[in-house]
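One structure below.
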Amino acid sequence: MTGKCLKKEGNSTGICEINGWCPTENSERPNVPLLEKAENFTLYIKNFIRFSKFNFSKSNVLETNNETYLKSCLYDKIHHPYCPIFRLGDVIRKTGNNFQDLAVLGGSVGILIEWQCDLDKGYSKCHPQYSFTSLDTSTTPSSVAAGYNFRYVHYFKNAAGVVHRNLYKVFGIHVDIMIHGTAGKFNIIPTVVNIGSGLALMGAGVFICDMVLLYLIKQSTLYRKKKFEIVNRTDIKSEEPKEKVSQQDVLLSDREIEVE
């Protein structure tokens with residue numbers, strides 16, 4: 001222990017002192033929305049992607065020489081899809097929550113930036129797609145897991161050299177940025193390989209089905225009769241030609257030609 005033992009009424013058992021900060025931390029939750037005025041705060045999210053296999057790269061920021069663009073724009077899926085400025089209140093609203101509810105205890109939200117690029121269509125057809133979700137494990141305000149907060153301290157000494165500290169418990173909005181992207185481009189080699197593999201599998205499938213129907217099922221005799229036609233030898237008769245040419249006729253004809 002870090003302090004002396006305080007015996008009670010001469011007994012050997014009592015209370016021991018330890019070094020600690022006084023007063024102890026107040027665990028009470030705020031009753032007023034501390035983040036009420038943060039609804040109009042903005043987030044600047046700059047994202048850059050690169051698909052090295054296709055030597056393709058792009059950013060979610062509009063390529064413009066207008067220096068005032070980022071100072072005045074707000075993200076809009078239709079009018080400003082390449083503006084990286086997001087209003088915090090709009091982000092919370094798109095997660096399905098009310099900002100004033102999160103303003104009391106804080107919360108965690110996730111922003112997913114997804115790139116689905118068909119590079120055969122060109123550079124201008126590859127656009128970022130944003131989706132917003134709530135990451136809070138519990139939406140009940142009375143739950144101990146609700147909200148988002150953290151602590152930090154500030155140490156200082158007074159005139160007498162005694163160390164003091166200020167403990168801050170901070171409530172806020174925690175934002176996780178998640179990036180996911182895929183890109184593709186037509187290539188004749190894998191296309192031909194896939195077509196060949198498909199045709200080979202189709203041929204193998206027919207062979208396997210025939211083996212199963214001919215030898216493994218009870219109605220194999222019926223299938224064999226439908227698949228194969230049995231022909232008797234007596235039915236195989238070649239039709240006689242209307243005109244028969246004998247070997248003698250051929251020789252005479254040759255001889256006639258020689259005489260002429």
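I'm trying to understand the selection: among the residues of segment 143-177, which are touching an Asp or Glu at 6+ places or on another chain (Cβ under 9 Å) and open to solvent by less than 80 Å² (accessible area, probe 1.4 Å)?
145, 146, 147, 148, 167, 169
From the list 199, 214, which residue is outside the structural domain of residue 56 (by the TED database), modelled with pLDDT of 70 or more and open to solvent by 100 Å² or more (accessible area, probe 1.4 Å)?
Details: 214 fails: open to solvent by 100 Å² or more (accessible area, probe 1.4 Å).
It is 199.
Which one of 105, 112 is at pLDDT below 90 and not β-branched (Val, Ile, Thr)? So that I can check it myself, show each step before the final result.
Details: 112 fails: at pLDDT below 90.
The unique qualifying residue is 105.
Tally the residues that are touching a helix residue (DSSP H, G or I) at 6+ places or on another chain (Cβ under 9 Å) and not basic (Lys, Arg), restricting the search to segment 169-193. So that I can check it myself, show each step before the final result.
First, pick out the residues of segment 169-193 that are touching a helix residue (DSSP H, G or I) at 6+ places or on another chain (Cβ under 9 Å): 171-173, 175, 183-186.
Within this subset, residues satisfying the condition of being not basic (Lys, Arg) are 171-173, 175, 183-184, 186.
Qualifying residue count for the region: 7.
Do any residues in segment 16-38 that are at pLDDT below 85 have Cβ atoms under 8 Å from those of residues that are part of a loop (DSSP other than H, G, I, E, B) and among the hydrophobic types (A, V, I, L, M, F, W, C), where the two are at least six apart or on different chains, and which pairs are they?
Once the first residue is at pLDDT below 85 and sits in segment 16-38, its partners that are part of a loop (DSSP other than H, G, I, E, B) and among the hydrophobic types (A, V, I, L, M, F, W, C) give 16/1; 17/1; 18/1.
Looking at (1) surrounded by 14 or more Cβ atoms within 10 Å (Cβ to Cβ); (2) out of contact with any helix residue (DSSP H, G or I) (no Cβ under 8 Å at 6 or more places or on another chain), which is the only condition residue 89 fails?
All conditions are met except number (2).
The values are calculated or read from the model by the stated rules, or taken from the named source; none is laboratory data. Note that this is a predicted model, so its numbers are computed, not measured. All Cβ positions, even for glycine, are placed from backbone atoms using ideal geometry, and neighbour counts span all protein chains on display. The protein model used for the area step is the full one, side chains on, heavy atoms only, and it has no ligands, DNA or RNA in it. Shrake-Rupley method; radii C 1.70, N 1.55, O 1.52, S 1.80 Å.
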